[in-house]
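K.L.:
One structure is given below, represented as structure tokens, and several questions about it will come after.
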């Protein structure tokens, strides 16, 4: 059984962030090695400013109340927890170049890499998930 | 049953009960028992699945007044 979980985060909304970080923290808490590859809009999730203002899908804003009522942790809190649990964050170099972003635009502790970096890690990971 | 440590995770939503259970089990020794209290209904299946993935044993599980109680023996 693989002890590795590989995740691609390719979307940048608040719901996307919960999908990514809930699975990542749950996997890490289950003694899995976890790596997340952030690409295109997914970079929002680890961007120093953007991660604090992730948007809900249009027309779904009323779920804000539900999030509060269910006592769901805020995204920055989940990100911190994921890092404490040893989840590795990799920002996609190519997307960063396209968007004019540098490593300093992101939270501390991330790595920067290309597609092959992720593929090499993911080749024996199970499951590999895309959000 | 001798309980070494109790984790009160009532009111917390997924994935917090699992993350906190993981941290709590790291603080006890092999063979010792962790008691976990949760109200997240997803935990009913999640905690046993988590225990299984780590090789721990859920020696007892019960529900009292909407609170789920788990007794997990560390592997």
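The values are calculated or read from the model by the stated rules, or taken from the named source; none is laboratory data. Computed from a predicted model, the values in this text were never measured in an experiment. Cβ: placed from backbone, ideal geometry, glycine included. Neighbour counts: every protein chain shown.
K.L.:
Across the range A:43-57, which residue is farthest from residue A:12 (Cα to Cα) among those that are surrounded by 13 or more Cβ atoms within 10 Å (Cβ to Cβ) and free of Cβ contacts under 8 Å to residues at least 40 places away in the same chain?
P.N.:
A:50
K.L.:
Tell me which of these residue B:52 doesn't satisfy, since it passes every other one: (1) within 14 Å of another protein chain (Cβ to nearest Cβ); (2) surrounded by fewer than 19 Cβ atoms within 10 Å (Cβ to Cβ); (3) touching a strand residue (DSSP E or B) at 6+ places or on another chain (Cβ under 6 Å).
P.N.:
Going through the list (1) within 14 Å of another protein chain (Cβ to nearest Cβ); (2) surrounded by fewer than 19 Cβ atoms within 10 Å (Cβ to Cβ); (3) touching a strand residue (DSSP E or B) at 6+ places or on another chain (Cβ under 6 Å), residue B:52 breaks only (3).
K.L.:
Can you give me the number of residues within the range A:58-95 that are in a loop (DSSP other than H, G, I, E, B), within 13 Å of chain B (Cβ to nearest Cβ) and surrounded by fewer than 18 Cβ atoms within 10 Å (Cβ to Cβ)?
P.N.:
4
K.L.:
Only one residue in B:75, B:36 is part of a loop (DSSP other than H, G, I, E, B) and within 14 Å of chain A (Cβ to nearest Cβ). Which one?
P.N.:
B:75
K.L.:
Any idea which of (1) within 30 Å of residue B:74 (Cβ to Cβ); (2) at pLDDT below 95 is the one residue A:57 doesn't satisfy?
P.N.:
Only one criterion is unmet by residue A:57, namely (1).
K.L.:
In addition: Checking the structure you have, find out if any residue of the range A:33-42 is closer than 24 Å to residue B:26 by Cα and within 14 Å of another protein chain (Cβ to nearest Cβ).
P.N.:
Yes, there is a match, as at least one residue in the range A:33-42 is closer than 24 Å to residue B:26 by Cα and within 14 Å of another protein chain (Cβ to nearest Cβ).
K.L.:
Does the range A:96-115 include one or more residues that are more than 14 Å from every other protein chain (Cβ to nearest Cβ), in contact with a helix residue (DSSP H, G or I) (Cβ under 6 Å, 6 or more places away or on another chain), farther than 19 Å from residue A:17 by Cβ and in contact (Cβ under 8 Å) with a residue 12 or more places away in the chain?
P.N.:
Yes, the range A:96-115 contains a residue that is more than 14 Å from every other protein chain (Cβ to nearest Cβ), in contact with a helix residue (DSSP H, G or I) (Cβ under 6 Å, 6 or more places away or on another chain), farther than 19 Å from residue A:17 by Cβ and in contact (Cβ under 8 Å) with a residue 12 or more places away in the chain.
K.L.:
For the range A:1-44, enumerate the residues that are in contact with a strand residue (DSSP E or B) (Cβ under 8 Å, 6 or more places away or on another chain) and in a loop (DSSP other than H, G, I, E, B).
P.N.:
A:3, A:10, A:32, A:39
K.L.:
Going by the structure shown, is residue B:57 over 23 Å from residue A:84 (Cα atoms), without any contact (Cβ under 8 Å) to a residue 60 or more places away in the chain and either within 14 Å of chain A (Cβ to nearest Cβ) or surrounded by 19 or more Cβ atoms within 10 Å (Cβ to Cβ) (or both)?
P.N.:
No; evaluated as a whole, the condition is false for this residue.
K.L.:
Look through the range B:1-32, keep the residues that are surrounded by fewer than 19 Cβ atoms within 10 Å (Cβ to Cβ) and in a strand (DSSP E or B), and return whichever of them is farthest from the other protein chains (Cβ to nearest Cβ).
P.N.:
So the residue we want is B:3.
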